[in-house]
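Visitor: Can you read through this structure? Questions will come right after.
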Amino acid sequence: MMLAVVNAVAEAPPPQFSGGGKWEAMHDEMAGYYEIRVDGAGRRHYRLFCLLERDGGKVGLGGPSLVLITGKDKPFRTVLSARDYAQVRRLGSEYLSRTPRSVLP
């Protein structure tokens with residue numbers, strides 16, 4: 001399911017892809033990040049944190065790109081901690097600090 005959402009977003013990037021609750025723009029301290037949301041077996045929530053590189057060609061990518069930063073999971077009906085979000089931001093900042101960007105194809 002998560003890969004299906006990744007592929008759908010990559011094929012029709014925002015704002016064309018609305019997401020249906022599976023793709024959400026984040027807010028406040030996480031502004032600029034996007035979250036893919038999937039519920040799994042065992043009453044777990046799975047989250048994949050992403051960045052959009054709309055001008056990817058300018059930073060060494062082949063063009064506009066969907067960049068997967070990291071994933072997290074959590075029990076049903078709980079929230080991730082401030083520490084979890086800080087880790088996502090650290091990884092995102094590390095990625096953004098490099099030109100050309102360091103990515104796996």
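Visitor: If you take the beta carbon distance between Glu24 and Asp55 as r and set R0 to 25 Å, what does 1/(1 + (r/R0)^6) give as a FRET efficiency, to the nearest 0.05? Mind dumping the intermediate values first?
Guide: Numbers: r = 22 Å, r/R0 = 0.89.
Efficiency, from the Cβ-Cβ distance: 0.65.
Visitor: Taking only DSSP H segments of four or more residues, each worth -39500 (n - 2.57), what value at 222 nm results for the chain once the sum is divided by all its residues, to the nearest 500 deg cm²/dmol? Working shown, then result.
Guide: Working: 2 runs with 25 residues, N = 105.
Calculated mean residue ellipticity at 222 nm is -7500 deg cm²/dmol.
Visitor: Continuing with the same structure: Which whole-number value in Å³ per residue fits the convex hull of the alpha carbons of the chain? Could the numbers behind the result be given before it?
Guide: Details: hull volume 11.3 nm³, N = 105.
Considering the Cα atoms of the chain, their hull volume per residue is 107 Å³.
Visitor: Check the straight Cα-Cα distances from Lys22 and name the lysines below 17 Å, setting aside those fewer than 8 residues away within the same chain.
Guide: Lys72, Lys74
Visitor: Suppose a student asked you for the relative contact order of region 2-96, using Cα pairs under 8 Å spaced at least 6 residues apart; what percent would you report?
Guide: This gives 19 percent for region 2-96.
Visitor: Taking a ≥ b ≥ c as the square roots of the Cα gyration tensor eigenvalues, with a/c under 1.5 meaning rounded and otherwise prolate when a/b beats b/c, else oblate, which class fits region 28-67? Don't skip to the end; give the middle numbers.
Guide: Values: a/c = 5.39, a/b = 2.22, b/c = 2.43.
Since a/c reaches 1.5 but b/c is at least a/b, the shape of region 28-67 is classed as oblate.
Visitor: For region 20-105, which trypsin sites (Lys or Arg not before Pro) pass both filters: DSSP loop (anything but H, G, I, E, B) and at most 10 other C-beta atoms within 10 Å?
Guide: For trypsin sites (Lys or Arg not before Pro) across region 20-105 that sit outside H, G, I, E and B with at most 10 neighbouring Cβ atoms in 10 Å, the list reads Arg43, Arg77.
Visitor: Loop only per DSSP, at most 13 neighbouring Cβ atoms within 10 Å: give me the chymotrypsin sites (Phe, Trp or Tyr not before Pro) in region 5-105, ordered by residue number.
Guide: Sparse-neighbourhood loop chymotrypsin sites (Phe, Trp or Tyr not before Pro): Phe76.
Visitor: Only Cα pairs within less than 10 Å get springs; with that Gaussian network setup on the chain, which residue of Leu51, Leu66, Leu80 has the largest fluctuation?
Guide: In this elastic network of the chain, the residue with the biggest mean-square fluctuation among Leu51, Leu66, Leu80 is Leu80.
Visitor: A follow-up question, please. Taking the Cα centre of the chain as origin and charging only Cβ (+1 Lys, Arg; -1 Asp, Glu), how large is the dipole, in debye to the nearest 20?
Guide: With Lys and Arg at +1 and Asp and Glu at -1, about 300 debye.
Visitor: Rounded, prolate or oblate: which fits region 1-51 when a ≥ b ≥ c are the square roots of the eigenvalues of the alpha-carbon gyration tensor, with rounded for a/c under 1.5 and prolate only if a/b beats b/c?
Guide: On the way: a/c = 2.24, a/b = 1.19, b/c = 1.88.
The shape class here is oblate.
Throughout, read-outs are computed from the coordinates displayed, never taken from laboratory work. Given the structure is predicted, the values throughout are model-derived calculations rather than measurements. Neighbour counts are summed over all protein chains in view; Cβ atoms, including those assigned to glycine, are modelled from backbone coordinates with ideal geometry.
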